[in-house]
Amino acid sequence: DGGITQSPKYLFRKEGQNVTLSCEQNLNHDAMYWYRQDPGQGLRLIYYSQIVNDFQKGDIAEGYSVSREKKESFPLTVTSAQKNPTAFYLCASSYSRGGAGGTEAFFGQGTRLTVV
Amino acid sequence: DAKTTQPNSMESNEEEPVHLPCNHSTISGTDYIHWYRQLPSQGPEYVIHGLTSNVNNRMASLAIAEDRKSSTLILHRATLRDAAVYYCILRRPFSGTYKYIFGTGTRLKVLA
């Protein structure tokens with residue numbers, strides 16, 4: 001079955017450490033996104049990528065980095081520069097503009113990151 | 001920037017219809033209105049979308065105001081499985097792809 005997979009489901013980070021969250025999709029989508037969700041709030045865009053080897057900052061990119069070396073994969077690194085990293089992180093994918101296919105975004109099940 | 005405004009929470013009795021409102025007064029002509037729902041500790045799930053006309057699918061109906069500044073998601077018969085946070089989202093063309101602009105959502109509680 002096609003879908004989008006995030007791992008791990010839970011992640012604990014010590015102060016000053018970098019951690020990388022995985023996101024893989026087999027939907028043949030060009031566009032991929034990373035969102036952050038804090039308790040009781042909506043989703044805020046961290047980074048997005050519309051094609052391999054290209055990505056752009058979203059609304060809250062400071063303290064985060066991404067790469068897009070393969071169409072299927074869009075890992076997010078939470079660096080030590082991110083001062084408040086504890087949150088629920090969601091990855092999504094969709095067709096790009098002008099592409100064939102549906103219009104909705106597909107989301108992974110999320111990674112809950114906690115700083116200890 | 002465009003945003004959506006929804007009530008924080010709503011309650012409904014099981015097997016009754018539910019109308020979830022959303023205001024998007026700063027919507028632009030190319031923005032699609034999307035609705036997603038999110039269960040606890042899961043990713044959002046697509047429900048329905050529309051541009052100008054009312055839309056129906058197997059999950060719900062979407063009623064869009066003539067001026068497009070508001071919309072209403074209609075669940076025809078709420079079940080306990082429909083209890084979730086419902087997000088009204090604007091999907092905006094942005095730099096070769098789309099930007100999905102989330103509001104804070106409505107938490108729907110379904111009473112047995």
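Data for the structure
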read-out: Heavy-atom accessible surface that A and B bury in contact, both chains counted, 1.4 Å, Å² to 100; value: 2100 Å²
read-out: GNM result for chain B, Cα springs below 10 Å: residue of B:Gly96, B:Gly29, B:Gly50 fluctuating most strongly; value: B:Gly96
read-out: Calculated diffusion of the stretch B:1-79, Stokes-Einstein form, Kirkwood radius summed over Cα pairs, 25 °C and 0.890 mPa s, µm²/s; value: 184 µm²/s
read-out: Selection of trypsin sites (Lys or Arg not before Pro), the stretch B:76-112, meeting DSSP coil and at most 12 other Cβ within 10 Å; value: B:Arg77
read-out: Stokes-Einstein D (µm²/s) once Rh is taken as the Kirkwood radius of the stretch B:31-112 over alpha-carbon pairs, at 4 °C in 1.567 mPa s; value: 96 µm²/s
read-out: Of all accessible heavy-atom area on the stretch B:3-94, the percent that carbon and sulfur account for (1.4 Å); value: 48 percent
read-out: Charge dipole (debye, nearest 20) of the stretch A:9-96; +1 at Cβ of Lys and Arg, -1 at Cβ of Asp and Glu; value: 220 debye
read-out: Convex hull volume per residue in cubic angstrom - Cα atoms of the stretch A:1-59; value: 130 Å³
read-out: Accessible area expressed per residue, chain B, with surrounding protein chains retained (probe 1.4 Å, Å²); value: 49 Å²
read-out: Integer Hz, Karplus 6.51/-1.76/1.60 couplings in order for the stretch A:2-7, x for Gly and Pro; value: x, x, 10, 10, 10, 8
read-out: Delta accessible area of at least 10 Å² on complex formation, residues of the stretch B:34-56, 1.4 Å probe, chain isolated as reference; value: B:His34, B:Tyr36, B:Gln38, B:Ser41, B:Gln42, B:Gly43, B:Pro44, B:Tyr46, B:His49
read-out: Delta accessible area of at least 50 Å² on complex formation, residues of the stretch B:89-107, 1.4 Å probe, chain isolated as reference; value: B:Gly96, B:Thr97, B:Tyr98, B:Lys99, B:Tyr100, B:Phe102
read-out: Chain A - Rg over Rh from alpha carbon coordinates, Kirkwood radius; value: 0.96
read-out: Selection of GluC sites (Glu not before Pro), the stretch A:25-108, meeting DSSP coil and at most 13 other Cβ within 10 Å; value: A:Glu62, A:Glu69
read-out: Restricting the stretch B:1-62 to chymotrypsin sites (Phe, Trp or Tyr not before Pro) in coil, as DSSP defines it, with at most 12 other Cβ within 10 Å; value: none
read-out: Lys, Arg +1 and Asp, Glu -1 on Cβ, resulting dipole of the protein assembly as shown about Cα centre, debye, nearest 20; value: 380 debye
read-out: Among A:Pro39, A:Pro75, A:Pro85: highest mean-square fluctuation, GNM of chain A, C-alpha pairs under 10 Å; value: A:Pro39
read-out: Two-decimal Rg to Rh for the protein assembly as shown - Kirkwood Rh, Cα set; value: 0.97
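The values are calculated or read from the model by the stated rules, or taken from the named source; none is laboratory data. None of these values were measured; they are calculated from a predicted model. Glycine gets a Cβ as well: all are built from the backbone with ideal geometry, and neighbour counts include every protein chain shown. For accessibility, only protein heavy atoms count, side chains too; no ligands or nucleic acids. Shrake-Rupley method; radii C 1.70, N 1.55, O 1.52, S 1.80 Å.
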